[in-house]
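Contents: one structure, followed by commentary.
The values are calculated or read from the model by the stated rules, or taken from the named source; none is laboratory data. Keep in mind it's a predicted model, so treat the numbers as computed, not measured. All Cβ positions, even for glycine, are placed from backbone atoms using ideal geometry, and neighbour counts span all protein chains on display. Note: areas computed on protein heavy atoms with side chains; ligands, DNA, RNA excluded. Shrake-Rupley method; radii C 1.70, N 1.55, O 1.52, S 1.80 Å.
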Amino acid sequence: MLHRPEPLAGRRGPEPPLDGVPDPRGYFGGFGGRFVPETLMAPLEELTRAYEQARQDPAFWEELGQLQAHYAGRPTPLYRADRLSRHAGGARIYLKREDLAHTGAHKINNALGQALLARRMGKRRLIAETGAGQHGVATATVAARFGMACTVFMGAEDMERQHLNVVRMRMLGAEVRPVTIGSATLKEATDEAIRDWVATVADSHYVIGSAVGPHPYPVMVGDFQSVIGQESRRQILAAEGRLPDWVVACVGGGSNAIGIFRGFVRDDGVGLLGVEAGGRGEAPGQHAASLSRGRLGVLHGSKSLLLQDAEGQVAPTHSISAGLDYPGVGPEHAYLKAVGRARYVTVEDERALEAFGLLARLEGILPAMESAHAIAAAVELAGRLPADAIVLVNLSGRGDKDVEHVARHLEGGRGAWTAPS
């Protein structure tokens with residue numbers, strides 16, 4: 001375990017993306033922008049002005065830094081996973097422990113920032129969508145902290161497989177509205193959250209949970225999550241005296257990956273690897289790999305890569321992880337792929353399940369199923385690298401929420417895991 005204490009005060013502002021992106025209209029190259037009904041243009045302009053003012057205000061970042069330190073528990077530790085590294089048989093693997101942040105995932109970083117912004121804008125109600133429930137829990141938590149009303153939209157399918165987080169949100173005082181249309185997962189929950197926001201925008205702020213949506217959401221969420229990359233960079237330099245060879249993170253919408261990538265994106269010697277949900281295979285409807293198998297389109301107010309059928313309609317998705325089960329991806333990731341700065345691979349359900357068990361048995365850590373996808377890819381990558389190489393993995397959340405789901409899967413035919421050698 002390597003963890004150097006850092007100053008609580010003096011939190012600096014966000015780590016920006018690559019120079020020149022996004023442009024003033026929110027475009028990361030050919031991705032991003034704002035594609036919304038006329039009724040949302042005025043509130044998005046209001047939000048953009050408010051965020052730009054906050055972004056330039058040191059007092060805003062100072063208050064956020066204090067909350068991150070004393071409420072959310074930052075900085076989260078950097079942990080050298082020696083037994084996992086020996087199992088991989090190559091590079092040293094480090095884990096950035098976002099699972100140890102308050103509420104158990106990186107989602108609290110963004111929720112705190114957006115709640116502070118909503119308060120500056122005079123909003124009294126927060127709206128959120130959630131897939132795995134971690135963003136919903138984080139939003140319900142900050143709503144309670146700031147005395148705001150909170151409504152969380154969640155697909156009925158996700159409510160069943162993430163039941164524990166539904167209970168947590170309700171205990172925190174949030175209303176959880178089930179969404180039963182379509183596949184009853186994250187896409188439909190997002191559709192309903194946007195509809196609610198259109199009708200209640202005067203009093204409500206929509207806390208988008210990932211680096212997706214119309215401008216300014218992708219850059220704003222990336223800014224709030226960039227604290228992960230800032231800390232990781234300082235911590236790995238303190239531990240090893242140099243930067244990692246690879247940084248690995250799972251990608252659904254892409255917020256945890258953008259957060260850690262921001263700390264290393266200007267370092268040409270550091271490889272960036274995003275890991276998407278390969279689901280059951282490559283056939284349409286059996287995965288959620290927008291970057292690997294999607295094409296250019298518009299979803300939820302932003303132009304990016306998304307999964308579509310032959311007629312251009314949004315295609316169905318599948319992943320064992322509710323948090324990765326989304327047909328689109330943030331425009332910053334699409335841009336990083338297009339310019340060749342980041343690589344993206346897929347990990348199937350079964351490999352993610354194996355990685356879940358591997359980390360539990362070798363390191364005593366139950367990862368979120370989302371994070372298990374990154375662990376699977378990192379172990380394979382580390383095994384191909386020399387012993388003096390370093391692989392840094394963002395462990396985006398803890399797996400408490402997934403225990404029942406994983407247990408049902410094991411009882412459904414796979415049996416228990418065997419002990420790793």
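Give me the distance in nm between label points sitting 7 Å out from Cα along the Cα-to-Cβ direction at Asp19 and Arg280, one decimal.
Spacing of the two 7 Å Cα→Cβ label points: 4.9 nm.
Carbon and sulfur: what percent of the range 320-410's accessible surface (1.4 Å probe)?
53 percent
By accessible area of protein heavy atoms, probe 1.4 Å, what ranking do Lys107, Lys401 get, highest first?
Per-residue accessible area, sorted high to low, gives Lys107, Lys401.
For the range 285-421, what log10 I(q)/I(0) values come out of the Debye formula at q = 0.14, 0.18 1/Å, with one point per alpha carbon and no solvent?
-0.74, -1.09
From Cα pairs below 8 angstrom and at least 6 apart in sequence, can you work out the relative contact order of the range 175-291, rounded to a whole percent?
Relative contact order here is 19 percent.
Report the one residue of Phe146, Val176, Trp197 whose Cα lies farthest in the direction of the positive end of the charge dipole of the range 110-200 (charges on C-beta: Lys and Arg +1, Asp and Glu -1; origin at the Cα centre).
Most positive-ward Cα: Phe146.
Quick one: Karplus J couplings for the range 256-269, per residue in order, coefficients 6.51, -1.76, 1.60, θ = phi - 60°, nearest Hz, x for Gly and Pro?
Ordered by residue, 3J(HN,Hα) equals 5, 5, 4, x, 7, 4, 4, x, 10, 5, 8, 9, 4, x Hz.
Considering only protein heavy atoms and a probe of 1.4 Å, how much of the accessible area of the range 186-240 is carbon and sulfur, as a whole percent?
Summing carbon and sulfur atoms, their accessible area is 57 percent of the total for the range 186-240.
For every other residue with a beta carbon closer than 9 angstrom to the beta carbon of Ala81, add +1 if it is Lys or Arg and -1 if Asp or Glu, then tell me the sum.
Result for the local shell: +1.
Expressed as a whole number of Å, what is the distance separating the alpha-carbon centroids of the range 95-112 and the range 282-328?
Rounded to whole Å, the Cα centres lie 26 Å apart.
In what order, largest first, do Thr346, Thr180 sit by accessible area if the probe radius is 1.4 Å?
Most to least solvent-accessible, the answer reads Thr180, Thr346.
Would you mind getting the accessible area per residue of the range 1-157, heavy atoms of the protein chains only, 1.4 Å probe, in Å²?
Value for the range 1-157: 40 Å² per residue.
Any chance you could run the full-extension gain for Met121 through Glu63? It's 0.36 nm times the residue separation minus the Cα-Cα distance, nm to one decimal.
19.3 nm is the gain from fully extending Met121 to Glu63.
In the neighborhood of Arg168, defined by Cβ-to-Cβ distances under 10 Å, what is the net charge if each Lys or Arg adds +1 and each Asp or Glu adds -1?
+1
When the helices in the chain are scored as -39500 (n - 2.57) per DSSP H run of 4 or longer and the sum is shared across all residues, what 222 nm value do you end up with, to the nearest 500 deg cm²/dmol?
One gets -12500 deg cm²/dmol as the mean residue ellipticity at 222 nm.
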